[in-house]
Amino acid sequence: MVRSRKQNVVHIADGDTTLVALARGTRDGLPVFGWGEAPAGLLTTTQLRAAGLSPAGLDPLALLVFRHRKPYARLTVAELYSAVAAAARPEPTEAQRVARLRNLEYAQRALRTCVECAQEKDYRVPTSTRQCWSCLEIEMANAVEVAA
Ligand SMILES: [Zn+2]
């Protein structure tokens with residue numbers, strides 16, 4: 001098979017092993033592979049999900065550049081992740097998932113709670129004052145009275 005493109009040998013550290021492969025070049029410091037050229041240990045987000053894995057918390061090790069089957073489809077760049085690293089990372093437990101959701105809810109509630117009247121509003125209070133609109137209005141009215 002004759003390769004028309006210039007290819008570079010790249011070494012990709014994947015946990016304890018080093019993947020050696022021919023890349024088309026680099027982009028943002030990551031080796032770029034064409035469809036079917038990436039080392040077997042590297043998977044796209046879609047491929048990871050299909051394998052029951054998630055790329056959450058992982059840094060991409062390489063990029064996959066390909067065109068969809070339709071001729072007018074644009075060039076697509078997908079990040080490639082280490083399947084080994086994704087599999088080695090423990091999935092969050094149910095308790096961790098619940099705790100994460102609770103933290104998120106707590107943060108959302110804090111953003112809607114007025115520091116003055118401690119009421120939770122159905123809107124986010126301004127980050128500058130952390131006060132709800134009614135408290136802000138009262139304060140502004142008082143300020144005007146003082147000034148008058
Ligand atoms: Zn208030």
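Please treat every number below as a calculation from the coordinates, not as lab data. Small disclaimer: the values here were computed from a predicted structure and weren't measured. No Cβ is skipped: glycine too gets one built from the backbone with ideal geometry, and neighbour counts run over all protein chains shown.
Taking 2.2 N^0.38 Å as the expected size of a compact globular protein, what ratio does the Cα radius of gyration of the chain give against it, to two decimals?
Against the compact-globule rule of thumb, the ratio is 1.77.
Estimate the FRET efficiency between Glu105 and Glu139 by the formula 1/(1 + (r/R0)^6), using the beta-carbon distance for r and 25 Å for R0, to the nearest 0.05.
In this case the efficiency is close to 0.30.
Report the net charge of residues surrounding Glu105, where surrounding means a beta-carbon distance below 12 angstrom and charges are Lys +1, Arg +1, Asp -1, Glu -1.
So the environment of Glu105 carries a net charge of +3.
Relative contact order for the chain using alpha-carbon pairs under 8 Å, separation at least 6, rounded to a whole percent?
Value for the chain: 14 percent.
What spacing in nm lies between the two simple spin-label points modelled at Lys70 and Val146, each 7 Å away from Cα in the Cβ direction?
Distance between the two pseudo-spin positions: 6.3 nm.
Only Cα pairs under 8 Å and at least 6 apart count here; give the relative contact order of the stretch 94-147 as a rounded whole percent.
Rounded, it is 23 percent for the stretch 94-147.
Which value in deg cm²/dmol, rounded to the nearest 500, describes the helix-derived mean residue ellipticity at 222 nm for the chain, given -39,500 (n - 2.57) per DSSP H run of n ≥ 4 and division by the residue count?
Mean residue ellipticity, 222 nm, calculated: -9500 deg cm²/dmol.
Size of the dipole of the stretch 94-147 about the Cα centre, Lys and Arg at +1 and Asp and Glu at -1 on the beta carbon, nothing else charged, in debye to 20?
In debye, rounded to 20, the stretch 94-147 gives about 440.
Rounded if a/c is under 1.5, else prolate if a/b beats b/c, else oblate: with a ≥ b ≥ c from the C-alpha gyration tensor eigenvalues square-rooted, which is the stretch 10-66?
prolate
Which cysteines in the chain lack any other cysteine whose Cβ sits under 4.7 Å from their own Cβ?
Cysteines of the chain left without a disulfide-compatible partner: Cys117, Cys135.
Starting from the amide H of Thr44, placed 1.01 Å from N in the peptide plane, find each other amide H under 5 Å away whose residue is 5 or more places distant or on another chain.
Tyr81
What is the helix-to-structure angle for 133-147, meaning the angle in degrees between its Cα long axis and the longest Cα principal axis of the chain, kept from 0 to 90 and rounded to the nearest 10?
50 degrees
In terms of the Cα gyration tensor, with a ≥ b ≥ c the square roots of its eigenvalues, is the stretch 66-148 rounded because a/c is under 1.5, prolate because a/b exceeds b/c, or oblate?
Since a/c reaches 1.5 but b/c is at least a/b, the shape of the stretch 66-148 is classed as oblate.
In debye, nearest 20: dipole of the stretch 1-100 around its Cα centre with unit charges on the Cβ of K, R (+) and D, E (-)?
So the dipole magnitude of the stretch 1-100 works out to roughly 660 debye.
Is the shape of the stretch 38-90 best called rounded, prolate or oblate, per the rule: a/c under 1.5 gives rounded, else a/b larger than b/c gives prolate, else oblate, with a ≥ b ≥ c the square roots of the Cα gyration tensor eigenvalues?
In terms of gyration-tensor shape, prolate.
For the stretch 94-148 and the stretch 44-72, compute the distance between their C-alpha centroids and round to whole Å.
Result: 40 Å between the Cα centres.
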